[in-house]
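Engineer: Sharing a structure, written as structure tokens. Questions coming.
Every read-out reported here was derived from the displayed coordinates using simple, explicitly stated rules and does not represent laboratory data. The model shown is predicted, which means the values in this text are computed figures rather than measured ones. Cβ coordinates were reconstructed from backbone atoms using ideal geometry, including for glycine residues, and neighbour counts include every protein chain displayed.
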Amino acid sequence: MLTQLYYDTLKRIIYENTGIVFDERKKYFVENRVSEHMEELGITSLKEYLFKLKMDKNVLKDFISKITVNETYFYREYYHLKVLARLVQTESLGYPVRVLSIPCSTGEEPYSIAIVLNEVLGSPTKFEITGVDIDKNALAKAKEGTYGRRSVSRLPSQYLEKYFYKVDEGRWKIKEIIKKRVRFYEGNILNRLFLKGLGKFHYVFCKNLLIYFDDRARSQAINNLYDVMTDGGYLFLGHAESLSRSSSLFEPVRIENSIVYRKVSEDEDEW
Ligand SMILES: C[S@@+](CC[C@H](N)C(=O)[O-])C[C@H]1O[C@@H](n2cnc3c(N)ncnc32)[C@H](O)[C@@H]1O
């Protein structure tokens, strides 16, 4: 049973390492994950567990992996993939088209983007995609690229046939032509230096993460993304997420009935 003091300490560790704010309603969930983790490590006291979390980076990473929500699937929020397809056909921001998917979870989002870009650009050499997530276990699945029925249920069947091998009943593996275009990295959206090392992107998908952040972490993440985007590049947020109205870094643009955010360059901002 987690005392309030231990729960507060765990919440602080989660926030400092991910930006995610856990409230009292998540206490039971955290309690379950912690006791599962303690059992795996053969630890019986919470005090010793907290000590391990502080001293051993791998234990901390496993803890983060246990408390993150990795829910995702192919063609999630399809309307944004349509917007991306339209933008790459109507506006040239540079070649190859570079897209960042952060957080990418188990890979369904960056692979969906790769499928769409291959369809509209006609060649896999015309784009490159980077997937980033803090959860190493999710990334291992992304790199492996094998998916169950639930993951592919929204993917149009012609693309399932074209871009996947059937492994066995109810499991499909993404083909090399798409897999090769996506590079995966373990990283934190709040780590500015790490992000800068990835280069510049024309399009950034940052979906279904910022809703778990407080204002401080959200604005830090948005600033970091701004820094890795090319001028005039586009930021895609999840349907429940939006930029604060006061943000002068991006201008909201309505395309095909969805809102995306265009990076305002430093020169434009001066006007
Ligand atoms: C719900 S998934 C979103 C996946 C995908 N973008 C989508 O919309 O389907 C949220 C992911 O955020 C990752 N995450 C949590 N905190 C993070 C952070 N600070 N930096 C990078 N990824 C993080 C989690 O590991 C999890 O895989």
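Engineer: In the stretch 1-27, which residue that is under 25 Å from the mean Cα position of the chain (by Cα) and aromatic (F, W, Y) is nearest to I67 (Cα to Cα)?
Structural biologist: The extreme case among them is F22.
Engineer: Which count do you get for residues in the stretch 193-216 that are exposed (fewer than 15 other Cβ atoms within 10 Å of the Cβ), not in a loop (DSSP other than H, G, I, E, B) and not acidic (D, E)?
Structural biologist: 4
Engineer: On to the next question. Does A142 qualify as being buried (at least 17 other Cβ atoms within 10 Å of the Cβ), in contact with a Gly (Cβ under 9 Å, 6 or more places away or on another chain), over 28 Å from L93 (Cβ atoms) and touching a residue at least 24 places away in the same chain (Cβ under 8 Å)?
Structural biologist: Spelling it out, it is not the case that A142 is buried (at least 17 other Cβ atoms within 10 Å of the Cβ), in contact with a Gly (Cβ under 9 Å, 6 or more places away or on another chain), over 28 Å from L93 (Cβ atoms) and touching a residue at least 24 places away in the same chain (Cβ under 8 Å).
Engineer: Next question. For the stretch 29-114, which fully contained helices (runs of 4 or more DSSP H) count at least 1 residues that are under 24 Å from the mean Cα position of the chain (by Cα), within 15 Å of the ligand (Cβ to nearest atom) and basic (K, R)?
Structural biologist: Filter on the stretch 29-114 gives 57-67.
Engineer: So, in the stretch 19-51, how many residues would count as being crowded, with 16+ Cβ neighbours inside 10 Å and of a type in the set (G, A, S)?
Structural biologist: Within the stretch 19-51, residues that are crowded, with 16+ Cβ neighbours inside 10 Å and of a type in the set (G, A, S) number 1.
Engineer: Step by step: first the residues of the stretch 217-237, then only those that are in contact (Cβ under 8 Å) with a residue 60 or more places away in the chain and surrounded by fewer than 18 Cβ atoms within 10 Å (Cβ to Cβ), then the one that is farthest from R254 (Cα to Cα). Which residue is that?
Structural biologist: Per the criteria, the residue is Q220.
Engineer: Answer yes if at least one residue in the stretch 176-191 is of a type outside the set (A, V, I, L, M, F, W, C), touching a residue at least 24 places away in the same chain (Cβ under 8 Å), under 21 Å from R262 (Cβ atoms) and within 14 Å of the ligand (Cβ to nearest atom), and no otherwise.
Structural biologist: The answer is no, given that none of the residues of the stretch 176-191 is of a type outside the set (A, V, I, L, M, F, W, C), touching a residue at least 24 places away in the same chain (Cβ under 8 Å), under 21 Å from R262 (Cβ atoms) and within 14 Å of the ligand (Cβ to nearest atom).
Engineer: Any idea which residue in the stretch 122-158 is farthest from the ligand (Cβ to nearest atom), counting only those that are β-branched (V, I, T) and in a strand (DSSP E or B)? Steps first, answer last, please.
Structural biologist: Kept after step one, since they are β-branched (V, I, T), are these residues of the stretch 122-158: 125, 129-130, 132, 134, 146, 152.
Now narrow it down to the ones that are in a strand (DSSP E or B): 129-130, 132, 146.
Working: I129: 13, T130: 12, V132: 6, T146: 17 Å.
Ranking the qualifying residues of the stretch 122-158, first place goes to T146.
Engineer: Which condition does S157 not pass, out of (1) more than 18 Å from T106 (Cα to Cα); (2) among the hydroxyl-bearing types (S, T, Y); (3) in contact (Cβ under 8 Å) with a residue 12 or more places away in the chain, if it passes all the others?
Structural biologist: Unmet condition: (3).
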